[in-house]
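Heads up, the thing below is written out as structure tokens.
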Amino acid sequence: MKKEVHKNRYLIKSVHHSLIKIGLLLSFLFMSLFSVQSQEKEKGIAGIVTTDDGPLNNANVIIKGSSQGVKTNNDGRFEFAVKPKDILVFSYVGMHSTEVVVTEKTDFLRIKLVPKIEVLDEVTVKKRKRKTQKDLLADYPTNKNLLKTSWGILDKDRSTFSMRMVDGADLVAVGTDFLYSLQNFIPQMRVDRDDPGEIKVYLQSWSYNASPKAIFDVDGFIYEQAPIFIDVHNIDRIAVLTRNGAFSRYGPQGAGGVIIINTKEQTRIDELGVKRRYDNSGFRDSINREFSVPEVFEPKTSTYIMRLNTATSFEEAHKLFKDLISENKKSPYFFLEVSDYFRKQWGNEKKADELLQQAAENFSTDVSALKALSYVYEQQARFDNALEIYLKILKLKSREAQSHRDVANAYAQIGNYRKALGVYTRYELAVNELDTIPFDKYGTDMLITTESANIIRLNGKELSIDRSLTENEADAPSTRIVFEWNYASAEFELQFVNPQNYFDEWMNTLQPNDILLQNQKIKGYSSKEFFLDDYLKGEWQIKVRYFGNATEFPTYLKITTYFDYGKSTQTQQINVVKLLEEQVTRYLFSVDTALKQ
């Protein structure tokens with residue numbers, strides 16, 4: 001995947017030329033629907049703001065970028081009229097401010113503000129103290145193996161991938177910029193200076209046209225253009241990441257490699273005590289404190305399923321179901337769970353399908369319920385049924401990026417790749433024309449970029465689309481995992497434990513500090529993709545810690561694992577789990593990158 005995703009920047013134009021003529025009328029009709037729904041209506045929301053000491057009086061609640069706002073009352077509560085996609089800022093003197101994106105499903109918010117103090121997070125393994133980000137920052141001036149990056153301070157000694165380090169003191173001022181000197185230390189690095197206004201750097205051995213260019217991480221900020229404004233004398237240290245090391249940390253954006261630069265100026269600022277976080281992406285590397293044999297994920301059994309489990313025959317179970325339906329008919333998940341019960345316990349496909357159809361009819365305007373239903377269909381490999389549901393969701397939520405991605409993905413699942421690409425293309429056109437946040441191929445909309453490029457790579461020939469720019473896939477990580485959830489308000493943390501017992505964590509929260517995650521929420525995404533490092537062969541364990549979704553209902557989490565992603569041998573496996581118990585870390589599943597299962 002590593003090379004091909006970036007090559008999509010070259011492919012997207014050819015894809016448009018092939019598809020725009022076919023879908024022009026549909027695009028016009030779609031954009032008309034898109035613009036109609038862009039007139040968001042105000043809605044009332046309520047909430048409570050607290051601290052560790054209880055409700056917080058007089059906290060500020062304002063709409064970001066405006067003067068509209070309210071203050072909390074003596075009980076820490078507030079009521080406010082807002083529009084979907086508004087960003088609410090919660091603040092109080094002496095407390096860290098927090099931001100929340102309003103969605104159409106947001107009715108009540110529980111916000112907890114924390115004091116402006118440094119929080120130490122210690123993790124130990126084999127009786128060794130793990131250094132916190134604060135500790136690493138203190139060690140930085142004397143430890144030349146530490147790098148400040150956009151996702152945290154990297155310790156080369158504990159990294160699971162290789163990198164090339166260059167001491168800034170070894171760089172010599174030759175040429176017009178520091179790249180001339182850096183080339184002496186990185187022989188495979190090539191610099192394209194044909195356009196003085198856009199100097200490109202390549203770390204791979206392919207031709208210029210086929211190779212994705214490297215990106216730069218300077219003092220924790222990402223640059224897609226070479227930062228030639230940096231004086232060679234101001235460089236403290238440089239690290240170069242290629243292949244899986246760059247891809248696993250920076251995703252498809254790092255497919256061409258990453259050049260990390262730390263400047264002396266920023267080091268002087270840090271030494272003065274000016275606070276700066278080096279974990280902007282919310283994805284951090286750590287060491288697993290406890291590594292034990294995992295327990296299989298088993299969600300809490302609903303009371304109605306417990307009652308049905310007492311039945312000794314299908315007839316008895318059906319009678320119990322009739323008794324239970326009156327008190328549970330308002331829950332769409334009752335129908336989904338009972339359908340699963342009749343299918344697995346009694347093998348009665350007819351009754352199980354009847355209940356799924358009933359759920360679709362009874363909750364035809366409940367997007368969260370419809371998403372859960374489509375997940376169930378996909379787990380059963382009934383992709384035609386899933387597509388039908390996703391098309392209903394698109395009509396209800398035509399502005400949300402996830403709706404378009406889900407329809408396109410469903411078309412791809414049934415083998416209609418031309419329609420899948422058409423949906424992706426029309427969405428991009430409409431967003432650039434009508435939305436406040438334009439289409440961002442290698443940022444907010446990376447999921448769509450990844451999947452559209454993969455369709456071209458695997459099916460370009462039959463679609464009469466040139467796929468020559470995507471055929472070099474030797475170094476691409478081939479194990480991809482996509483998580484999707486039915487409630488936009490769901491909050492949870494994912495943990496990936498690699499074969500060396502290190503782990504990475506990613507947090508999905510209503511209060512994202514990461515700009516990329518915040519923009520994805522504004523656009524309506526409720527999914528996240530990850531690529532596992534192929535160089536680490538063995539078992540990866542994936543765990544989840546759930547924090548709720550502000551409703552009484554469970555969150556349905558769909559997990560799609562791809563093996564040999566982007567290759568002709570690509571396979572996938574879909575699992576759906578129900579998240580209900582809060583504040584408990586649960587083992588979800590394992591992936592063996594050696595056995596590809």
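Longer than 23 Å from Cα to Cα, which of 144/543; 105/395; 344/578; 105/558 are they? Say none if no pair is. Working shown, then result.
Numbers: 144/543 33 Å; 105/395 16 Å; 344/578 16 Å; 105/558 20 Å.
Too far apart for the 23 Å limit: 144/543.
Treating only the Cβ of Lys, Arg, Asp and Glu as charged (+1, +1, -1, -1), what charge dipole size does the stretch 133-270 show about its Cα centre? Round to the nearest 20 debye. Don't skip to the answer; put the middle values down first.
Details: 15 positive and 18 negative charges, 84 e Å.
Charge dipole of the stretch 133-270: 400 debye, to the nearest 20.
I need the shape label for the stretch 133-270. Rule: rounded when a/c is under 1.5, else prolate if a/b > b/c, else oblate, with a, b, c from the alpha carbon gyration tensor. Since a/c reaches 1.5 but b/c is at least a/b, the shape of the stretch 133-270 is classed as oblate. In this Cβ point-charge picture (+1 for Lys and Arg, -1 for Asp and Glu), the stretch 359-425 has a dipole of about 260 debye about its Cα centre.
Computed over protein heavy atoms with a 1.4 angstrom probe, the accessible surface ordering of 426, 418, largest first, is 418, 426.
Taking a point 7 angstrom from the Cα of residue 388 along the C-beta vector, which residues in the stretch 313-349 have backbone N less than 11 Å away? Answer for the stretch 313-349: none. Basic side chains Lys and Arg get +1 at the Cβ, acidic Asp and Glu get -1 at the Cβ, and with that the dipole of the stretch 364-475 about its Cα centre reaches some 360 debye.
Taking 30 Å as R0, compute the FRET efficiency from the Cβ-Cβ separation of residue 75 and residue 395 and round it to 0.05. Don't skip to the answer; put the middle values down first.
Numbers: r = 40 Å, r/R0 = 1.34.
Efficiency for this residue pair is about 0.15.
The values are calculated or read from the model by the stated rules, or taken from the named source; none is laboratory data. Everything numeric here is computed off the predicted structure, so don't read it as measured data. Glycine also receives a Cβ, built like all others from the backbone with ideal geometry; neighbour counts cover every protein chain displayed. Quick note on the areas: whole protein, heavy atoms, side chains included, nothing else; ligands and nucleic acids left out. Shrake-Rupley method; radii C 1.70, N 1.55, O 1.52, S 1.80 Å.
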